[in-house]
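The values are calculated or read from the model by the stated rules, or taken from the named source; none is laboratory data. These numbers were taken from a predicted model, which means no experiment stands behind them. Positions of Cβ are backbone-derived with ideal geometry, glycine not excepted, and every protein chain shown enters the neighbour counts.
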Amino acid sequence: MKERFERHKQPWDSEEVQKLHGFAKKGMGLKAISKALTRSEESIKKRAKADKIKIAKQR
């Protein structure tokens, strides 16, 4: 069963954006970043695309 996040359509603050950039630089996968930031995978994908960040694909 998927974990459900209670936050819906919350704006990104600068601290979360910095964390996202840091996690992506470290090569963390989408699922791990999602748990760390308590945001949905879709939300992280959208923000990463907007900021032109590459998220590592876990194998």
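What the table below lists for this structure:
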| read-out | value |
| --- | --- |
| All positions within the range 6-30 that are in contact with a helix residue (DSSP H, G or I) (Cβ under 9 Å, 6 or more places away or on another chain), under 17 Å from GLN58 (Cβ atoms) and assigned to a helix (DSSP H, G or I) | LEU20, PHE23, ALA24, LEU30 |
| Residue among ILE44, ILE33, ILE53 that alone is at pLDDT 90 or above and in a loop (DSSP other than H, G, I, E, B) | ILE53 |
